[in-house]
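Notes for the one structure printed next.
The values are calculated or read from the model by the stated rules, or taken from the named source; none is laboratory data. A quick note: this is a predicted structure, and the numbers were derived from the prediction, not measured. Please note: Cβ atoms are built from the backbone with ideal geometry, for glycine as well, and neighbour counts cover all protein chains shown.
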Amino acid sequence: MYEVEVKVRADHDEVRDRLAELGAEPVNEVVQEDTYYDAPHREFAETDEALRVREERVTGDDKTPDAGEPSDDPTTELTYKGPLVEAESKTRREVETAVADGAAADAILDALGFAPAATVRKERRRYAVDGFTVTIDAVEGLGEFVEVETEVEGSDSVPAARERAYGILREVGLDPDDQIRTSYLGLLLESEPGA
């Protein structure tokens, strides 16, 4: 599975207005806490890979009627992200699975020598547009972003998906040429003193 994604910095109010004009369907609002791990056997920063445990809580509000019920019980996922596969977007191979117990997953990784490297916290509001997810992100310590993404089975489907993601960015008033290919983790690490 490949995650085809384009991301830009953006003013959320303008994007929300454009999404409403497009008839985008609100999906949900969530708070995510992503803990990234360093591997004991290779440098993920050098190989452009990532291993993450994501804890997500649905928050919802009156502005998003289909957001789902707010919940104190988070869902947890374990994700491997491979290196970027092209220069035109943030497309990566991604393998993800649900985890029943986030603390147990952390304990397993710790026992195997994987050490927490950094945590990225964000509030996300997701919309569905033409088979894509448009996500409005407020990332702690970094600011406001918009991501347009979808998943495709094979690498031969990546170019068409990327071009459609670019089209959706344009439809919400954003320029694909402004995209940021660095992950939130990378941006956060770059922003730290001494980086």
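Brief remarks on what is shown
- Test: E163 is charged (D, E, K, R) and part of a helix (DSSP H, G or I): yes
- Cβ-Cβ under 7 Å pairs, at least 6 apart or on other chains, segment 169-195 side of a type in the set (S, T, Y), far side assigned to a loop (DSSP other than H, G, I, E, B) and modelled with pLDDT of 90 or more: Y184/L142; S191/G141; S191/L142
- Boolean, R121 is over 22 Å from S191 (Cα atoms) and basic (K, R): no
- Look at (1) over 19 Å from L189 (Cα atoms); (2) of a type in the set (K, R); (3) modelled with pLDDT of 95 or more and you find that R92 fails only one, number (3).
- Candidates are the residues of segment 98-120 that are under 17 Å from the mean Cα position of the chain (by Cα) and farther than 25 Å from A165 by Cβ; the one that is modelled with the lowest pLDDT is A118.
- The residue of segment 103-118 that is farthest from R42 (Cα to Cα), among those that are exposed (fewer than 15 other Cβ atoms within 10 Å of the Cβ) and touching a Phe, Trp or Tyr at 6+ places or on another chain (Cβ under 8 Å), is P116.
- Inside segment 138-158, residues that are free of Cβ contacts under 8 Å to residues at least 60 places away in the same chain and either closer than 16 Å to E5 by Cβ or in a loop (DSSP other than H, G, I, E, B) (or both) make up a count of 4.
- Lone qualifier among Y127, Y166 - being at pLDDT 95 or above, over 12 Å from the mean Cα position of the chain (by Cα) and farther than 18 Å from V30 by Cβ: Y166
- Checked across segment 169-179, the condition of being closer than 23 Å to V139 by Cβ, crowded, with 19+ Cβ neighbours inside 10 Å, touching a Pro at 6+ places or on another chain (Cβ under 7 Å) and not polar (S, T, N, Q) holds for at least one residue.
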